[in-house]
Amino acid sequence: MKAKVNKKYMAFVAVLAALSTAIALTSCNNGSQSAQTETIAASQAETTAQETTVAAAGSGKVLSESDITINDTITNSADGEHAVMADGETASYQNTLVTKTGEADGDEADFYGENAAIFATNGATLDLSEMVIKTDGTHANAVFSYGEGTTVNISDSYIQTSGNCSGGLMTTGGGTMNANNLTITTSGNSSAAIRSDRGGGTVNVTGGSYTTSGTGSPVIYSTADITVNNALLTSTASQGVVVEGKNSVTLNNVTLNADNNTKNSDKSDYYQAVMIYQSMSGDAAEGLSSFTMNGGTLTNANGDVFFVNNTATEITLKNAQIVNNGDGVFLRAAAAGWGSEGSNGGQVTLNAENQVISGDMVVDKVSNLNMYLKDGSSFSGAINSSGQAGEVYVEIEDGSTWTLTGDSYITSLTCGTGAINLNGHKLYINGTEYSEGTASSGTAIAVTQSSGSGQPGSDKPDGMPGGEKPDGNPPAKPGEN
């Protein structure tokens, strides 16, 4: 990307000049001018804080539209069409403004890329750099990779979508998406910044800033294998991350700020930063999902940190800073409105490695939890403080500890003599009170590959993150009989 040193310098000088003028005028008109000074200073402080947060995440500068030199413009406003399309070919675009308006139906757009601003298919390789991509229409995804063998590589670009069901990066049908140093903002409902749908694929994201503000719009909605490195992820209304079915999300040195404060479905009573579930819509295969966080920071503003329902998952946390500013628990494994009653709980394997965990855990009667504290990890909290419910196994490796913050009820325990600090509370193992300083040897709970029950299409998620899901099988690909 071309350096913008002079532009940044001039902007900095302009800000200083504005501040100086505001301060000078304050003595003449100390009402409105004082407020102006405070506003400018607050704006500067906010910008500095944002840049500091991004730098801490290792993601570099947050791009703006003006940071990118535009040499060409491509526009499309027809319903269902694309501004840029690569069909079975190798193509590249640089320093281009791409704008897209127009509408599409959910099935063709979400599964097969209809109405996307930029679309690659049939084994194409599409290279994009220093792009500005803006869409304003329903089901108008910005950049779409469809089908096995198709690869989109995009770097140093700015993406903005404003319509409902319009993701930033979209991958389906086994496609591949590689993204580096992007700034993506989405404001529509069901518009994840990093998004996938039926057929999934592989998504690799490094650096940049990704922000969503719409209902049902997590930063990441995964029906694929998605890895994000050194980036800043922010959701202001929805979950930060949603994993559906037999798929994965891995965060490496990522700063994730999640404020799920708006309901998008009546199927769950809870808010959360990370939701892992199976909708039974047919868009994600049933099986063991995973969420991994290596380093970085996860800050939750409302509700629970993790919520798992109607699926089996493995959560691995390694030296990540997790802050729960909400009023919920650290982990909730429980039934909700997806799947069949009685078999739609959450099955969780929680691996903590050199990890600090603070907060309670709730495992309902149709759910289970295997928790492993390793490599000097510490857990401060209670498990099922209201009494025995689902099965829970806790294994504490030497050097790791559990400090109770309330009475706890579990099924089985493996630990050494100094692993548990009751802290004035009681721990019950399968109904028997545990004595502090006692070693214990227990057995882990068997986990099936999926706890979901029902046929695909029998219980669609009614607009949950990722957009509306159709019943039954997907329609034929455009152009097919």
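If the condition is being among the charged types (D, E, K, R) and more than 14 Å from residue 360 (Cβ to Cβ), then region 371-426 contributes 374, 375, 391, 395, 397, 398, 426. Residue by residue through region 278-305, note down the ones that are in a loop (DSSP other than H, G, I, E, B), in contact (Cβ under 8 Å) with a residue 60 or more places away in the chain and surrounded by fewer than 24 Cβ atoms within 10 Å (Cβ to Cβ). Across region 278-305, the qualifying residues are 282, 286, 287. Scanning region 230-246 for residues that are surrounded by fewer than 24 Cβ atoms within 10 Å (Cβ to Cβ) and within 22 Å of residue 185 (Cβ to Cβ) returns 230, 234, 236, 237. Exactly one residue out of 308, 323 is in the same structural domain as residue 250 (by TED's automatic domain parsing), in a strand (DSSP E or B) and buried (at least 24 other Cβ atoms within 10 Å of the Cβ): that is 308.
Taking the stated definitions as given, is residue 366 among the aliphatic types (A, V, I, L, M) and surrounded by 17 or more Cβ atoms within 10 Å (Cβ to Cβ)? When the stated conditions are applied, residue 366 passes them.
Pairing residues of region 153-181 that are in the same structural domain as residue 143 (by TED's automatic domain parsing) with residues that are among the acidic types (Asp, Glu), at Cβ distances under 6 Å and at least 6 apart in sequence or on separate chains, gives 153/127; 156/130; 158/65; 162/136; 163/136; 172/197; 174/148; 181/156. Of all the listed residues (242, 249, 203), the sole one being among the aliphatic types (A, V, I, L, M) and closer than 27 Å to residue 341 by Cβ is 242. As a summary of the residue check, residue 341 satisfies the conditions (1) crowded, with 23+ Cβ neighbours inside 10 Å; (2) at pLDDT below 95; (3) not aliphatic (A, V, I, L, M) except for the one numbered (1).
With respect to (1) touching a Ser or Thr at 6+ places or on another chain (Cβ under 6 Å); (2) not in a strand (DSSP E or B), the lone exception for residue 337 is condition (1).
Listed here are the strands (runs of 3 or more DSSP E) enclosed by region 199-243 that have at least 1 residues being within 24 Å of residue 174 (Cβ to Cβ) and either in contact (Cβ under 8 Å) with a residue 12 or more places away in the chain or within 12 Å of the chain's Cα centre (by Cα) (or both): 201-212, 220-222, 225-229. Checking each residue in region 252-277 for being part of a loop (DSSP other than H, G, I, E, B) and polar (S, T, N, Q) picks out 253, 260, 261, 262, 264, 265, 268. Checked against (1) surrounded by fewer than 24 Cβ atoms within 10 Å (Cβ to Cβ); (2) at pLDDT 95 or above, residue 249 meets all criteria but (1).
In summary, residue 329 fulfils each of the numbered conditions (1) at pLDDT 95 or above; (2) part of a strand (DSSP E or B); (3) under 24 Å from residue 447 (Cα atoms) with the single exception of condition (2).
Which number in (1) of a type in the set (A, V, I, L, M, F, W, C); (2) modelled with pLDDT of 95 or more; (3) more than 15 Å from the chain's Cα centre (by Cα) marks the one condition that residue 284 misses? It fails just one condition, (2).
I'm trying to understand the selection: among the residues of region 356-378, which are in a loop (DSSP other than H, G, I, E, B) and small (Gly, Ala, Ser)?
359, 367, 376, 377
When each of 431, 387 is tested for being within 18 Å of residue 334 (Cβ to Cβ) and of a type in the set (Gly, Ala, Ser), the lone residue that passes is 387. Being modelled with pLDDT of 95 or more, small (Gly, Ala, Ser) and in the same structural domain as residue 137 (by TED's automatic domain parsing) holds for only one residue in 279, 268, 235, and it is 235.
Check every one of the strands (runs of 3 or more DSSP E) wholly within region 379-479 and list those with 2 or more residues that are among the hydroxyl-bearing types (Ser, Thr, Tyr) and either modelled with pLDDT of 95 or more or crowded, with 20+ Cβ neighbours inside 10 Å (or both). Steps first, answer last, please.
Details: elements: 391-396, 401-403, 408-410, 412-414, 427-429.
Where strands (runs of 3 or more DSSP E) fall fully within region 379-479 and carry at least 2 residues being among the hydroxyl-bearing types (Ser, Thr, Tyr) and either modelled with pLDDT of 95 or more or crowded, with 20+ Cβ neighbours inside 10 Å (or both), they are 401-403, 408-410, 412-414.
For region 328-346, indicate whether the set of residues that are among the small types (Gly, Ala, Ser) and under 16 Å from the mean Cα position of the chain (by Cα) is non-empty. No, because not a single residue in region 328-346 is among the small types (Gly, Ala, Ser) and under 16 Å from the mean Cα position of the chain (by Cα).
Criterion first (assigned by TED's automatic domain parsing to the domain that holds residue 292, among the polar types (S, T, N, Q), out of contact with any Lys or Arg (no Cβ under 9 Å at 6 or more places or on another chain) and free of Cβ contacts under 8 Å to residues at least 60 places away in the same chain) does residue 343 satisfy it?
Working: assigned by TED's automatic domain parsing to the domain that holds residue 292: yes; among the polar types (S, T, N, Q): yes; out of contact with any Lys or Arg (no Cβ under 9 Å at 6 or more places or on another chain): yes; free of Cβ contacts under 8 Å to residues at least 60 places away in the same chain: no.
Answer is no for this residue.
The values are calculated or read from the model by the stated rules, or taken from the named source; none is laboratory data. Note that the coordinates shown come from a computational prediction; the quantities given were computed from them, not determined experimentally. So basically every Cβ, Gly included, is an ideal-geometry build from the backbone, and we count neighbours across all protein chains shown.
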